[in-house]
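The values are calculated or read from the model by the stated rules, or taken from the named source; none is laboratory data. Keep in mind the model is a prediction, meaning the values are calculated, not measured. Quick reminder, even Gly has a Cβ in these numbers, built from the backbone with ideal geometry, and neighbours come from all protein chains shown. Surface accessibility is based on the protein's heavy atoms, side chains included, excluding ligands, DNA and RNA. Shrake-Rupley method; radii C 1.70, N 1.55, O 1.52, S 1.80 Å.
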Amino acid sequence: MATPLFVPLFALLFLSPIPTRAQQIGMLTPEIHPLFQTQQCTSSGTCTTKQTSLVTDALSRHFHTVADPSVSCASADFISNPATCNPDDPASCAASCALEGIEYGGIGVSSLGSAVTLRQYLFDGTEYRAVSPRVYLLAEDGENYEPMRLLNQELAVDVDVSKLPCGMNSAVYLSEMDLSGSRSESNPAGAGYGTGYCDAQCFRTVPWINGLPNINSSGACCNEMDIWEANSRANSFTPHTCSSPGSFLCSGEEECGKGAPGVCDKDGCGLNTYNLGNPSFYGLGLDIDSSKPFTIVTQFPTNEAGELIEIKRIYIQNGEVIPNTADTTDSRFDSIAYEGSITQDFCAAKNSSDYLRLGGMKGMGEALARGMVLVFSLWNSESDFMSWLDGLPNNGPCNATEGDPALIRAQVPDVSMTFSNVRWGDIGSTFSTSGEANKEEVVTGGNIVTGKAVTAENRGTRVNVITGAVLGLAVMFGFMVSA
């Protein structure tokens, strides 16, 4: 009988020294990163295959008290209770919380080789529940995010949006998160557990930031480049700039909000071809036929001074290279040389005042040069039905109710999105003029088997919540997906 042995062991563990202010990692669920191979290419014609992997955001995880795994450390009741989280000593919360690993199939994420599929809804035996997955690209070490330094470079991603109706948003974007996931003494889990999220929306509803409770309703801010926000009916790409490099905090409505003195550009300087007066370029059966897979290539060329001058979109479908259309009926662009791409003049003509105030193309280029983190997500919105992306009359062909999540769940609960064959490198290196991807490659990371998941290594002391052996903290850093 095991019980007599368990009691003295339990007592001995509690007599051992415990680092009560260091973050702990739970042991209820192991963290196993889905393998997701990517390629880095050069102008010499070589693409190196990288054994990268994916990690989900910290807020998607079980984040609980050590004493009772059913009690959430992210709840307002926990954070606002002085007995569990002293507002005068936020680090004291570290003594009672743990951050768990996650089973990725349970959040709608599955990967194989160089492809990942995200699902919006999962059936729990009774009904379809929304999971809205969001994952970040990890470097080969599995402990830090892959640094995407894309100034004067390009990024190519194969996409299949054929199963995405009005109201869905499949997103590929770059966030200037700290590459370690803001790892610190209070946050040893770091990127391996999806911590450190930030974006230009500076959401103030995040319960934890960098290992401490967000008692003052701060916002987690950083530069953001939305490479792709789309469904089968409409798409856009949008840069968002901020006042400072890297990840930083904002405080209060004015600093975290829109317009001056807001520290980040929330609206961005976006390009949506439907919005510019060309409804026949992208969509089901159109020039870019969204009922079939295709490749999006986004280029970030510079001038002689090394400054970003353009954000350029190219499509590849059925072996044909198709530049983004420059056709527009918007008279605001009559006085500029509009060529279907985002430039400083384009943003000025759109009156993207916050984007320009906070650095414009030069500022966005500086963030791309420093290095950003690649993010993939799938979501919908009960508040606006995603009408800003695809709604009539200006942004897409979808009517006022088509994007209602309740309607999507009832009619097409199997909505999913597949991203694959991510390649980045010198401009022109990720594809040929015939539309084919560069096939010459050098494979790295030989110890990792294709198609297998990657187990996260321990970051700091792990906590066994069954015995209560050690106490800890889980770091939460953002969940809302940028719109």
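Taken together, Ser251, Ser247, Ser243 contain a single residue that is under 24 Å from Glu31 (Cβ atoms) and either modelled with pLDDT of 95 or more or surrounded by fewer than 21 Cβ atoms within 10 Å (Cβ to Cβ) (or both), which is Ser247.
Taking first residues from the stretch 41-62 that are within 30 Å of Ala189 (Cβ to Cβ) and partners that are modelled with pLDDT of 95 or more and basic (Lys, Arg), the Cβ contacts under 8 Å between residues at least 6 apart in sequence or on separate chains come to Thr56/Arg134; Asp57/Arg134; Ser60/Arg134.
For Thr65, indicate whether it is of a type in the set (S, T, N, Q) and touching a helix residue (DSSP H, G or I) at 6+ places or on another chain (Cβ under 8 Å).
On the way: of a type in the set (S, T, N, Q): yes; touching a helix residue (DSSP H, G or I) at 6+ places or on another chain (Cβ under 8 Å): yes.
It is true that Thr65 is of a type in the set (S, T, N, Q) and touching a helix residue (DSSP H, G or I) at 6+ places or on another chain (Cβ under 8 Å).
Looking at Arg149, Arg119, just one residue is on the phi < 0 side of the Ramachandran plot and either surrounded by fewer than 20 Cβ atoms within 10 Å (Cβ to Cβ) or at pLDDT below 95 (or both), and that residue is Arg149.
Restricting to the stretch 338-361, and then to whatever is of a type in the set (A, V, I, L, M, F, W, C) and within 25 Å of the chain's Cα centre (by Cα), can you tell me which residue is surrounded by the fewest Cβ atoms within 10 Å (Cβ to Cβ)? Walk me through how you get there before you give the answer.
Here is the first cut: in the stretch 338-361, the residues of a type in the set (A, V, I, L, M, F, W, C) are 342, 346-349, 356, 358, 361.
Going one step further and asking which of them are within 25 Å of the chain's Cα centre (by Cα), we end up with 342, 347, 356, 358, 361.
Numbers: Ile342: 25, Cys347: 23, Leu356: 18, Leu358: 21, Met361: 26.
Applying the filter and picking the extreme gives Leu356.
Give, as residue ranges, the helices (runs of 4 or more DSSP H) completely inside the stretch 279-393 that count at least 1 residues that are more than 30 Å from Leu179 (Cβ to Cβ) and not aliphatic (A, V, I, L, M). Walk me through how you get there before you give the answer.
Values: elements: 344-349, 353-357, 360-370, 387-390.
Of the helices (runs of 4 or more DSSP H) lying wholly inside the stretch 279-393, those with at least 1 residues that are more than 30 Å from Leu179 (Cβ to Cβ) and not aliphatic (A, V, I, L, M) span 344-349, 353-357, 387-390.
Counting only residues that are open to solvent by less than 60 Å² (accessible area, probe 1.4 Å) and within 22 Å of the chain's Cα centre (by Cα), the stretch 25-42 holds 8 of them. Total residues in the stretch 97-116 satisfying the condition of being surrounded by fewer than 22 Cβ atoms within 10 Å (Cβ to Cβ) and hydroxyl-bearing (Ser, Thr, Tyr): the figure is 2. Within the stretch 174-192, residues that are at pLDDT below 90 reach partners that are buried (at least 24 other Cβ atoms within 10 Å of the Cβ) and part of a strand (DSSP E or B) with beta carbons closer than 7 Å, at six or more positions or on different chains, in the pairs Ala189/Ile25; Ala189/Leu99.
Here is a check on your reading of the model: is Glu366 more than 18 Å from Thr328 (Cα to Cα), under 20 Å from the mean Cα position of the chain (by Cα) and free of Cβ contacts under 8 Å to residues at least 40 places away in the same chain?
On the way: more than 18 Å from Thr328 (Cα to Cα): yes; under 20 Å from the mean Cα position of the chain (by Cα): yes; free of Cβ contacts under 8 Å to residues at least 40 places away in the same chain: no.
Spelling it out, it is not the case that Glu366 is more than 18 Å from Thr328 (Cα to Cα), under 20 Å from the mean Cα position of the chain (by Cα) and free of Cβ contacts under 8 Å to residues at least 40 places away in the same chain.
Number of residues in the stretch 300-337 that are open to solvent by less than 30 Å² (accessible area, probe 1.4 Å) and under 18 Å from Gly360 (Cβ atoms) equals 5. Counting only strands (runs of 3 or more DSSP E) that fall entirely inside the stretch 92-178 and contain at least 1 residues that are under 30 Å from His64 (Cβ atoms), the qualifying elements are 97-99, 109-112, 115-119, 121-123, 128-130, 134-138, 168-175.
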